[in-house]
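Below: the structure, in structure tokens.
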Amino acid sequence: MNYWLVKSEPSVYSWTQLEEDGNVVWDGVRNFSARNHLRAMKKGDRVLFYHSNEGMAVMGVAIVSSEAYQDPTDDSSTWSSVDLIPETRFNTPVLLKMIKTDSLLSQMQFVKQSRLSVSAVTSKEFDLICELGNSSS
DNA sequence: GCCAACGTTGGC
DNA sequence: GCCAACGTTGGC
């Protein structure tokens, strides 16, 4: 299994919205590196769901429920989408501030490439984020 | 195929 | 609201 992180501005699409919807078509990605990550996703892969701009924290874990297919919002056959479903809501969102102070987590791809909207996560990083997110503060 | 200009993202 | 980072575009 592989691990990923997607970013979303909560004013555009939030974790709470994902929980209400039960699933989401992750469309609108218009960056080649991010698209390639979408295409590498397998059903069952875990995806950290990060709030950018407001909140700036990993909110929980989603699951890839459908592998990459033609982005329905794209006419040019260039871009791809996947489907995500919510799995676990962290009881303690893992703040970017905290991630940046950790020697392991501060090396995460999404920290180093802050504009990449879909990034890869190692299993170590994933486990530690989950540990922090599931611990009661 | 290079690179300057431009637009967008996202943290602060 | 500012600005740094960086991906994309387009002229040459």
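Side notes on the structure shown:
- Condition met for residue A:14 (of a type in the set (Gly, Ala, Ser), open to solvent by 10 Å² or more (accessible area, probe 1.4 Å) and touching a strand residue (DSSP E or B) at 6+ places or on another chain (Cβ under 6 Å)): no
Listed here are the residues, each with its yes/no results for (1) more than 16 Å from DNA strand C (Cβ to nearest atom); (2) hydrophobic (A, V, I, L, M, F, W, C); (3) modelled with pLDDT of 95 or more.
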{"position": "A:87", "(1), (2), (3)": "yes, no, yes"}
{"position": "A:90", "(1), (2), (3)": "yes, yes, yes"}
{"position": "A:99", "(1), (2), (3)": "yes, yes, yes"}
{"position": "A:116", "(1), (2), (3)": "no, yes, no"}
{"position": "A:125", "(1), (2), (3)": "yes, no, yes"}
{"position": "A:130", "(1), (2), (3)": "yes, yes, yes"}
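- Just one of the listed residues (A:122, A:92) is over 19 Å from residue A:14 (Cβ atoms) and either of a type in the set (Ser, Thr, Tyr) or touching a Gly at 6+ places or on another chain (Cβ under 9 Å) (or both), and it is A:122.
- Taking the stretch A:69-92 as the range and being within 21 Å of residue A:21 (Cβ to Cβ), open to solvent by less than 50 Å² (accessible area, probe 1.4 Å) and part of a strand (DSSP E or B) as the test, the residues that pass are A:80, A:81, A:82, A:83, A:84, A:86, A:88, A:90.
- Close Cβ contacts (under 8 Å, 6 or more residues apart or on different chains) running from residues in the stretch A:37-49 that are in contact (Cβ under 8 Å) with a residue 12 or more places away in the chain to residues that are part of a loop (DSSP other than H, G, I, E, B) and open to solvent by less than 20 Å² (accessible area, probe 1.4 Å) comprise A:38/A:29; A:47/A:41.
- Taking the criterion of being within 16 Å of DNA strand B (Cβ to nearest atom) and open to solvent by 60 Å² or more (accessible area, probe 1.4 Å), the residues of the stretch A:18-30 that qualify are A:27, A:30.
- Residue check for residue A:29: outside any strand (DSSP E or B) and hydrophobic (A, V, I, L, M, F, W, C): yes
- Residue pairs whose Cβ atoms lie under 8 Å apart, separated by 6 or more positions or on different chains, with the first residue in the stretch A:99-126 and among the hydroxyl-bearing types (Ser, Thr, Tyr) and the second away from DNA strand C (no atom under 14 Å from the Cβ) and not in a loop (DSSP other than H, G, I, E, B), are A:106/A:99; A:106/A:100; A:117/A:6; A:119/A:4; A:119/A:5; A:122/A:3; A:123/A:3.
The values are calculated or read from the model by the stated rules, or taken from the named source; none is laboratory data. Fair warning: this is a prediction, and the values are worked out from it, not measured in the lab. In this analysis, Cβ positions are derived from the backbone assuming ideal geometry, glycine residues included, and neighbour counts consider all displayed protein chains. Ligands, DNA and RNA are stripped out before the accessible areas are found, and what is left, the full protein with its side chains, is counted by its heavy atoms. Shrake-Rupley method; radii C 1.70, N 1.55, O 1.52, S 1.80 Å.
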